[in-house]
Amino acid sequence: MPALMVQYSKNLKGNGEFRVGLTVTKKIGNAVKRNKIKRRLRNAFAEIAKNLDVSGFDYVLVGRNLAAESDYEKIKNDLLAAVKRIKK
């Protein structure tokens, strides 16, 4: 996805829970821009997690430069598509 990358791993505890980690490199910009991207990714994941079963995996969301300027709905749709692909 142009605005983000999703990495995942099977949850080794096997309790059906999920964890989410967020990372944005310093190459993207200053702390304000990086935190804006993290907030957008965190909120988008929280919204899709309500309607989609995301349990059983640990996720790492890697924010890219386009995530700061992209439309929020576009980010949410990209994230939804990535998580659906993981769940297959």
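Bear in mind these aren't lab numbers, they're just calculated from the coordinates by the rules spelled out. On a predicted model such as this, the values are computed, not experimentally measured, just so you know. Don't worry about glycine lacking a Cβ; one is built from the backbone with ideal geometry, like all the others, and counts go over all protein chains shown.
The condition of being outside any strand (DSSP E or B) and surrounded by 16 or more Cβ atoms within 10 Å (Cβ to Cβ) holds for only one of V62, V32, V54, that being V54.
Here A68 clears all of (1) crowded, with 16+ Cβ neighbours inside 10 Å; (2) of a type in the set (A, V, I, L, M, F, W, C); (3) in contact with a Ser or Thr (Cβ under 8 Å, 6 or more places away or on another chain) except the condition numbered (3). Among the residues of the stretch 5-29, how many are of a type outside the set (S, T, Y), in contact with a strand residue (DSSP E or B) (Cβ under 8 Å, 6 or more places away or on another chain) and outside any helix (DSSP H, G or I)? Counting residues in the stretch 5-29 that are of a type outside the set (S, T, Y), in contact with a strand residue (DSSP E or B) (Cβ under 8 Å, 6 or more places away or on another chain) and outside any helix (DSSP H, G or I) gives 11. Looking across the stretch 36-46, the residues that are surrounded by 14 or more Cβ atoms within 10 Å (Cβ to Cβ) and either closer than 17 Å to R85 by Cα or without any contact (Cβ under 8 Å) to a residue 12 or more places away in the chain (or both) come down to A44, F45.
Selection of first residues in the stretch 54-71 that are over 21 Å from K88 (Cβ atoms) and of second residues that are assigned to a strand (DSSP E or B), restricted to Cβ pairs under 8 Å at least 6 apart or on distinct chains, gives the following pairs, ordered by first then second residue: G63/L4; G63/L22; G63/T23; R64/L4; R64/M5; A67/L4. Within the stretch 1-13, the set of residues being in contact (Cβ under 8 Å) with a residue 12 or more places away in the chain and either surrounded by 12 or more Cβ atoms within 10 Å (Cβ to Cβ) or not basic (K, R) (or both) comprises M1, P2, A3, L4, M5, V6, Q7, Y8, S9, N11. Consider the stretch 65-88 and keep the residues that are in a loop (DSSP other than H, G, I, E, B) and of a type in the set (D, E, K, R). The one that is nearest to the chain's Cα centre (by Cα) is D71.
Once the stretch 73-88 is narrowed to residues that are free of Cβ contacts under 8 Å to residues at least 60 places away in the same chain and farther than 12 Å from L4 by Cα, the residue that is surrounded by the fewest Cβ atoms within 10 Å (Cβ to Cβ) is K88.
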